[in-house]
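Report on one structure; see the data block that follows.
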Amino acid sequence: MKKAHSKNPSAKTKNKIKTSRTPRTPGASKGIMIALFLILAIIPIIVRLKVVDLTAYAESPWVSDVDYDFFSYYKSRILISITFLMTAVFVFDRSSHGNPHEKKPLDLSILVFMVTVLFSAVLSEFVSLSFWGFRGRYEGALVLWSYMLILFIGSKYTYDEKQLKLLLKGLYFSVAVVGTIGIFQFFKMDLFKTEIGKTLIVPMQYLKSGAEITIRMAETQIYSTLQNSNYMGSFIALLAPLLLTLVFFIHDLRHKLLVTALFALSMANLFGSRSRAGIIGVSVAAVVMLIMFRRELFKRWKVTLVVVVIIAGVVTSMNTALEGLIYKRILATINSLAPAENLYGAQQATSEDNVLRLELQEDPLFIKFDNDQLYFMDAEDTVLEAVKGEKEYTLNDPRFSNFKFDITMATEEMPMVTVRYHRVTLKYLFLEDEVRYVNHADVAVKINPIEKWGFVGQERLGSSRGYIWSRTIPMLRDTLLIGHGPDTYMLYFPQDDYIGKQIAYSTTGMVTDKPHNMYLHTAVNTGVLSLLAQLVIFGLYIAQSMKLYFKNSYEDFRAQLGVGIFLGVVGYLGAGLFNDAIVSIAPVFWALLGIGFSLNQSLLKERKEALSA
């Protein structure tokens, strides 16, 4: 009987044997902790000059021969190296401790994103650029893969309280460095413009050459180690909600004072940077925080009062120092949301043979050069009388009363017509069989039709984001499955939209190198499918977090940190509606998101076990 029993174990015993052999989620090893610490503490603060040769793109009038990069090149290369070592440690850990081979929606979404990035890069017109990244950003396929690997690997480990607090120290360090440099910049004491600062960020070979190499930023502008004041906004939108959460829940006095000071520093940098994207991101996180902490805010009313005083004091102080600029920018943003009159019609100029068609109002205007004579006509081919004033011509027709013209001869046979309409000034050169536009560099270029969608009359919304988005959305038609290639947005944006640029920027010389929207940027560079994969990742995390933290007592430190990360993610995603991802900040976001997934999974598992016990 005994022997027979050993050969035929019960179903219960089978389940126990099976469970005991299932690999558990391992705790984070030293190698993983070192990698995550470096990502959180070091990547955001790297600043070093790299001179990049761009002569391979000399044919483009929008690309200079050399890129003097301080903020992105070395960050991207160091991030790739850290991620490579992190991946090697992960493979070693899994080969040593086993792999559950879990097929989760998160893993599948990461895989879809990485595959679309690969195909977008390999099939791009600019393969090398797509893998390594382009000027000012250096966020190529290798960096995008690094983001996904950081998320994937970070979510595959568990973290005890000691490890989590160590990672927080890395985060505190980067916040302190970035914030301190930013505040000094606000008070016109920019470290990077001092002799000591230059020796830190400019290689000795350039210092010895005597060349004047410096970061050109306006006085009081906060950009810190992040390249641009807008990116300071995204950085704060990600980290201020996390810091504020810890202010509420940390009991240790020294720790509480530290995070309170860092929160105040982050708020000062947010409002000092005047980043509307950051303010929007923090506001979105604040709304979610009010929902999640609806009881805690009253329960911990003293802390709530201190936070309100800090924010009010910082806003008032920074706004006073900027002579009311913060309030003015917020009001201007709100006012720009209101419907506005479209003063520029279809905003289109086209040419056929020697006829120019201007669609700047409801009635199109035609200018024709024939038999050494210029003719102004309406849509019915009716010739309009041009009346010469003291300085310029006008048309003797009330429909075209807003038009003014200068007519000069570029050569004996080629007239050049300067058209003025409201804020727009356009120059056209009439050749024998075609019309060309004379750009800001006095080069006669071909006229191409410009596709656009929406934001009519609101081109200047959010520092001309309305214009950029209206020209970016039609680009998605060509990137449904795969994109043009990582970091190639600038090369595909209609830079020859001279009418639109004058409406939006009051100049045609501005280069649009990013859409100021993290989601559109992804859709253009790596495809709409890759964007959908990212949205699934974000959606999974938000749904999981809302389920876990909406009715949580927040007694566990992991729950406190987990909800803080969740609020930071919400703030970053909110700022992403008006900002792009960048290698100075995105690695921190993806690392926190991976840790956030891990904390959620651990807490949900424990809750499930407690309920079934």
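The values are calculated or read from the model by the stated rules, or taken from the named source; none is laboratory data. Keep in mind it's a predicted model, so treat the numbers as computed, not measured. Note: ideal-geometry Cβ built from the backbone for every residue, glycine included; neighbour counts use all protein chains shown. These accessible areas exclude ligands, DNA and RNA; they are computed on the full protein's heavy atoms, side chains included. Shrake-Rupley method; radii C 1.70, N 1.55, O 1.52, S 1.80 Å.
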Margin query: Please go through the stretch 23-56 and give me each residue that is over 26 Å from the mean Cα position of the chain (by Cα) and open to solvent by less than 20 Å² (accessible area, probe 1.4 Å), ordered by number.
Written below: Ala28, Ile32, Met33
Note to self: Looking at the stretch 165-180, can you tell me whether even one residue there is in the same structural domain as Met318 (by the TED database), among the aromatic types (Phe, Trp, Tyr) and at pLDDT 95 or above?
What the structure shows: yes
Check: Is it fair to say Asn402 is over 45 Å from the mean Cα position of the chain (by Cα) and at pLDDT 90 or above?
Finding: no
Next item on the list: State all residues of the stretch 547-582 that are surrounded by 21 or more Cβ atoms within 10 Å (Cβ to Cβ) and among the aliphatic types (A, V, I, L, M); if no residue qualifies, say none.
Entry: Leu561, Val563, Ile565, Leu567, Val569, Val570, Leu573, Ala575, Ala581, Ile582
Next item on the list: Would you point out the residue of the stretch 490-527, among those that are assigned to a loop (DSSP other than H, G, I, E, B) and free of Cβ contacts under 8 Å to residues at least 40 places away in the same chain, that is surrounded by the most Cβ atoms within 10 Å (Cβ to Cβ)?
Entry: Phe493
Next item on the list: Output the qualifying pairs, or none if there are none: Cβ atoms under 7 angstrom, residues six or more apart or on different chains, first residue in the stretch 249-266 and more than 18 Å from Tyr554 (Cβ to Cβ), second residue among the aromatic types (Phe, Trp, Tyr) and surrounded by 15 or more Cβ atoms within 10 Å (Cβ to Cβ).
Entry: Leu258/Tyr172; Leu262/Tyr172
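Need a quick list: strands (runs of 3 or more DSSP E) entirely within the stretch 285-387 having at least 2 residues that are in contact with a strand residue (DSSP E or B) (Cβ under 9 Å, 6 or more places away or on another chain) and of a type in the set (S, T, N, Q). Spell out the reasoning first.
Working: elements: 348-352, 355-359, 365-370, 373-377.
Those strands (runs of 3 or more DSSP E) span 348-352.
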Notebook entry, point to check: Looking at the stretch 181-194, is at least one residue under 21 Å from the mean Cα position of the chain (by Cα) and among the β-branched types (Val, Ile, Thr)?
Noted result: no
Notebook entry, point to check: Taking the stated definitions as given, is Thr19 over 30 Å from Leu200 (Cβ atoms), at pLDDT below 95, of a type in the set (Ser, Thr, Tyr) and in contact with a helix residue (DSSP H, G or I) (Cβ under 9 Å, 6 or more places away or on another chain)?
Noted result: no
Checklist line | Cβ-Cβ under 6 Å pairs, at least 6 apart or on other chains, the stretch 352-381 side free of Cβ contacts under 8 Å to residues at least 24 places away in the same chain and not assigned by the TED database to the domain that holds Glu412, far side of a type in the set (S, T, N, Q) and open to solvent by less than 30 Å² (accessible area, probe 1.4 Å) | finding: none
Notebook entry, point to check: From the residues in the stretch 466-489 that are surrounded by fewer than 20 Cβ atoms within 10 Å (Cβ to Cβ) and aliphatic (A, V, I, L, M), which one is farthest from Val438 (Cα to Cα)?
Noted result: Leu481
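Here is a list: Arg295, Arg300. Which entry is loosely packed, with under 12 Cβ neighbours inside 10 Å, more than 17 Å from Gly233 (Cα to Cα) and not aliphatic (A, V, I, L, M)?
Arg295
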Margin query: When you scan the stretch 287-302, do you find a residue that is among the aliphatic types (A, V, I, L, M), closer than 26 Å to Ile181 by Cβ and in the same structural domain as Ala559 (by the TED database), even just one?
Written below: no
Notebook entry, point to check: Taking the stated definitions as given, is Phe184 of a type in the set (Phe, Trp, Tyr), outside any loop (DSSP other than H, G, I, E, B), within 24 Å of Tyr68 (Cβ to Cβ) and open to solvent by 20 Å² or more (accessible area, probe 1.4 Å)?
Noted result: yes
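Specify the residue that is most open to solvent (accessible area, probe 1.4 Å); the eligible residues are those in the stretch 198-221 that are free of Cβ contacts under 8 Å to residues at least 60 places away in the same chain and under 27 Å from the mean Cα position of the chain (by Cα).
Looking at the filtered set, the residue picked out is Arg216.
Kindly evaluate Ser530 against the criterion of being part of a helix (DSSP H, G or I) and either of a type outside the set (Phe, Trp, Tyr) or surrounded by fewer than 24 Cβ atoms within 10 Å (Cβ to Cβ) (or both).
Judged against the criteria, Ser530 is a match.
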